[in-house]
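What follows is one structure encoded as C-alpha cells, with my remarks underneath.
The values are calculated or read from the model by the stated rules, or taken from the named source; none is laboratory data. Since the structure is predicted, the reported quantities are computational estimates derived from the model, not experimental observations. Every residue, glycine among them, receives a Cβ derived from its backbone with ideal geometry; neighbour counts consider all protein chains shown. What goes into the accessible areas is simple: the full protein's heavy atoms, side chains included, and nothing from ligands, DNA or RNA. Shrake-Rupley method; radii C 1.70, N 1.55, O 1.52, S 1.80 Å.
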Amino acid sequence: MNSRHASLIAEIESEVRQTRQELGFDRLAPAVRAALSAVPRHTFVPPAQRDLAYANHPLPIGNGQTISQPYIVAIMSQLLQCGAGERVLEIGTGCGYQAAVLAAMGLAVYTVEIVPELAQRARTTLLELGYDQVQVRTGDGWQGWPEAAPFAGIIVTAAAPRIPKPLLEQLRPGGRLVIPVGAPEAIQDLCVYVKGLSGEVKGHRVLPVRFVPVTGGLGRQDTP
Ligand code: SAH
C-alpha cells in the first residue's frame, strides 16, 4: 500500500464518520479496511486515469461506464454484513474493483456484467491479481444467478428502477440486498433489504447516491 492508498483509506474513514447516522456505523469493519488496503485500485482503471486512482472519486472506465467511488464501495461492502466463506452476488461488474474488494474480504463472489468487453476485461484483471475465486458472467443481471443461489448477500452497483424480484428470491433467509433504487439520471436511494428467516423482506433507505442505470430488457418484464 503506497501513501496515496493510505490517505484514500483515511479519507474514506473520515467520510464514514461524517455519515455515521445514515450508515448505522462509524468506522470501517477491519475486514473491509483490510480489503480496501489490499486491492490495487489503479489496476482497474484505464492508463489515462491511473494518476487519479487513489482519489475518492468515481472515474470513467470506457463503454460509458464508471468505477465507483471508493467510499461507496467501502460502505456497500460493509452494509452486506457478510463474512469470510459466504457466497455473494454482484450485479454490474464494471471493471471488477468492487468484486475484488469482496473477494479480498474472503467472500465467494459471483458477478454479472451486461457489457461483454467489460466482463472480459474484469475477468482478466481479477485473474492477473489472483482473485480466482471470483466468477464473472456476461449477461443481464436482473435475473441474478439462479444456479449459484442462495446468496448470503447481493449487491447491485447500477441504479434499478425497482427491486428485481429474482434477486430477492435468490437471497437466503437472513441475507441482505444492497441496491441503489431510483430513476436513471437522478439521485437514487441506496437501500438495504433484509430477508427474514421466514422469507419476509424489510428494507430501509441509507443514503442518497448516484449510479449509472441498470440496462437490459429484463428489468421491464417482471413488473407486478
Ligand atoms: N461495480 C463496479 C461499478 C459498476 S458501474 C465497480 O466496481 O466499480 C455499473 C455497471 O453495471 C456497468 O458496468 C454496467 O454495464 C453494468 N450493468 C448495467 N445494467 C446491468 C445489468 N442489467 N446486468 C449486469 N450489469 C449491468
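Summary table
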item: Region 3-219 - percent relative contact order, Cα under 8 Å, separation 6 or more; result: 15
item: Computed FRET value (nearest 0.05) for Val201 with Arg137, which takes r as the C-beta separation and R₀ as 22 Å; result: 0.35
item: Considering only the chain, percent of DSSP beta bridges that pair antiparallel, nearest 5; result: 45
item: Per residue accessible area of the chain, 1.4 Å probe, in Å²; result: 45
item: DSSP H segments from the chain that extend 27 Å or more along their own axis, Cα-based, with Kyte-Doolittle mean of 0.5 or above; result: none
item: Length-normalised contact order for region 49-124 - Cα pairs under 8 Å, 6+ apart - percent; result: 25
item: GluC sites (Glu not before Pro) within region 156-224, DSSP loop, no more than 10 other Cβ atoms inside 10 Å; result: Glu185, Glu200
item: Two-decimal Rg/Rh across region 33-82, once Rg and the Kirkwood Rh are taken from alpha-carbon atoms; result: 0.99
item: Computed over region 1-111: relative contact order in percent, which uses C-alpha pairs under 8 Å that are six or more apart; result: 26
item: Per-residue [θ]222 nm for the chain (sum of -39500 (n - 2.57) over DSSP H runs n ≥ 4, rounded to 500); result: -8500 deg cm²/dmol
item: Tail fraction, Cα-Cα pairs, region 3-219, threshold 30 Å, whole percent; result: 13
item: Choice from Gln18, Gln188, Gln65 with maximal GNM fluctuation in the chain (Cα, 10 Å cutoff); result: Gln18
item: Accessible carbon and sulfur surface of the chain relative to its total accessible area, %, 1.4 Å; result: 53
item: Where trypsin sites (Lys or Arg not before Pro) fall in DSSP loop in region 1-101, at most 15 other Cβ within 10 Å; result: Arg27
item: Among Pro213, Pro58, Leu177 - extreme Cα towards positive end, dipole of the chain, charges at beta-carbon; result: Leu177
item: Amide H partners (placed H, <5 Å) of Glu90, local residues excluded; result: Tyr110, Thr111, Val112, Ile155
